[in-house]
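Heads up, the thing below is written out as C-alpha cells.
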Amino acid sequence: MTLLSIVVPCYNEEEMIPIFYNELKAILNEKLSFYNYELIFIDDGSNDESLSKIKEIAKIDKNSYFISFSRNFGKESAIYAGLQSVKGDYIIIIDVDLQDPPSLIPKMISCLETGKYDSVGTKRSTRKGEPFFRSLFSNIFYKLINKLSKTEIVSGARDFRVFNRNMKDAILKISEYNRFSKGIFQWVGFKTKWLEYENIQRKKGDSKWSFWKLFKYSLDGITDFSTALLSISTIAGIISSILAFIFIIMIVIKTLAFGDAVAGWPSTISVILLIGGIQLFSIGILGQYLSKTFLETKNRPIYITKESNRK
Ligand code: UDP
Ligand code: MG
C-alpha cells in the first residue's frame, strides 16, 4: 500500500492542533482510506501546550509522531526536520491553522498519481482580504525577485504541497542554513502542477508573521536566490566614481580659469552626501551577503531536537 507522509509544522498552536487533527483524520478516513499514512508533527519550540496536545494525539493514533525542537527554529527548519524523518511515497506539507484545506489533499494526490507530475503546489487565487500595504509589498517583492533571480518564485505560492520521494530527496540535499522554501522547491526542478484556491482566514490563534518579519523574509528570499544586488552596488559605484572624476576635472579647470571664490559649497556637500550614500548602500549589501556566508560556513545544524517518538 502507498504510504502518505504528512508533515505539520506547529508553533504555539495549542488551539488549532486538535481541530486540525479531526478535520484531517476525517478526510483520511473518507477519501484516502486506500492509503497508509504517517502524521509527523513538528513542535517548533512552542511556549504553550502544543506539545502535550500533539502527545495526546500520538497516544490515540499510532500513526502519529512528534519531533520537538529545543527552541523556535522557524517553519523552514521544521519542514526540513519533517522531510528528514518521513518514509512515505508521497509527502504532504500542510499548515496546522487550516489555511491549507486538507480537503484538497485527495485531489492533489490524484494529480500525482497520473504520473505526469512530481509535485503539486498550491497558490492563492486572489489576495482578497489582505491589508492593502501587504499586497502592495508582496507584489513588489515578487516582481523584484523574479527580475533578479534565475529561479522563478511563483507569486502567491503557499508551502502547502504534495510531492514524491525523488523530489524530497532532492530537497534534502539542499542543506543550507538560510532556507527559503519557496525558492528551494523551484530550484530543485521537477514537474509541478499548480492548483489555486481562495485565501482562507486562520480559524484560531494568530499569524506568526508581522509586517517587519515578512519584510526581512523577502530580503532573505532575494539574497538567498540572487547575487544581482552585488552587481547593483558595483555598477552604482562605477557610475558615481565616473561622475566624481568628471566633477574634479571640471573644478580644476574652473579654478584655473576663474580663480576660486568660496562659491559651490552646497553642491560640494550634495556630492559628498550622494557618494557617501552610495557607499553605505553598497557596504550594506556586502554585509547582507557576508552575514549569510558567515552563517553558512559555521555549518550549524538547521534544528536541534529535544524530544521525539520517531526513530
Ligand atoms: N510555524 C512554525 N514555526 C514558526 C512560525 C510558524 O512552525 O516559527 C508554523 C505555524 O504553526 C503554522 C505554519 O507554520 O502551522 C504557518 O504559520 P502562520 O499561520 O503564522 O503563517 P501565515 O499563514 O500567516 O503565512
Ligand atoms: Mg497561517
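Structure above, values below:
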read-out: Entirely in the range 55-155, the strands (runs of 3 or more DSSP E) that have 2 or more residues that are polar (S, T, N, Q) and touching a strand residue (DSSP E or B) at 6+ places or on another chain (Cβ under 6 Å); value: 64-69, 119-124
read-out: Residues satisfying the stated conditions in the range 73-91, i.e. more than 20 Å from residue 309 (Cβ to Cβ) and either among the basic types (Lys, Arg) or within 16 Å of ligand 2 (Cβ to nearest atom) (or both); value: 74, 75, 76
read-out: Residue in the range 54-99 that is nearest to residue 159 (Cα to Cα), counting only those that are near ligand 1 (Cβ under 9 Å from one of its atoms) and among the acidic types (Asp, Glu); value: 95
read-out: Selection from the range 199-225 of residues that are more than 14 Å from the chain's Cα centre (by Cα) and either within 10 Å of ligand 2 (Cβ to nearest atom) or in contact (Cβ under 8 Å) with a residue 40 or more places away in the chain (or both); value: 199, 200, 201, 202, 203, 204, 205, 206, 207, 211
read-out: Matching residues, the range 110-168, being among the acidic types (Asp, Glu), under 25 Å from residue 210 (Cβ atoms) and out of contact with any helix residue (DSSP H, G or I) (no Cβ under 7 Å at 6 or more places or on another chain); value: 130
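Rundown of residues vs (1) of a type outside the set (Asp, Glu); (2) assigned to a loop (DSSP other than H, G, I, E, B); (3) under 27 Å from residue 90 (Cβ atoms); (4) out of contact with any Pro (no Cβ under 9 Å at 6 or more places or on another chain), yes/no style:
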residue: 172; (1), (2), (3), (4): yes, no, yes, yes
residue: 184; (1), (2), (3), (4): yes, no, yes, yes
residue: 196; (1), (2), (3), (4): no, no, yes, yes
residue: 205; (1), (2), (3), (4): yes, yes, no, yes
residue: 214; (1), (2), (3), (4): yes, no, no, yes
residue: 220; (1), (2), (3), (4): no, no, no, yes
residue: 232; (1), (2), (3), (4): yes, no, no, yes
residue: 239; (1), (2), (3), (4): yes, no, no, yes
residue: 246; (1), (2), (3), (4): yes, no, no, yes
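Only the coordinates and a few stated rules stand behind these numbers; no lab work does. These figures come from a predicted structure and were not determined experimentally. Cβ atoms come from the backbone with ideal geometry, glycine included; neighbour counts cover every protein chain shown.
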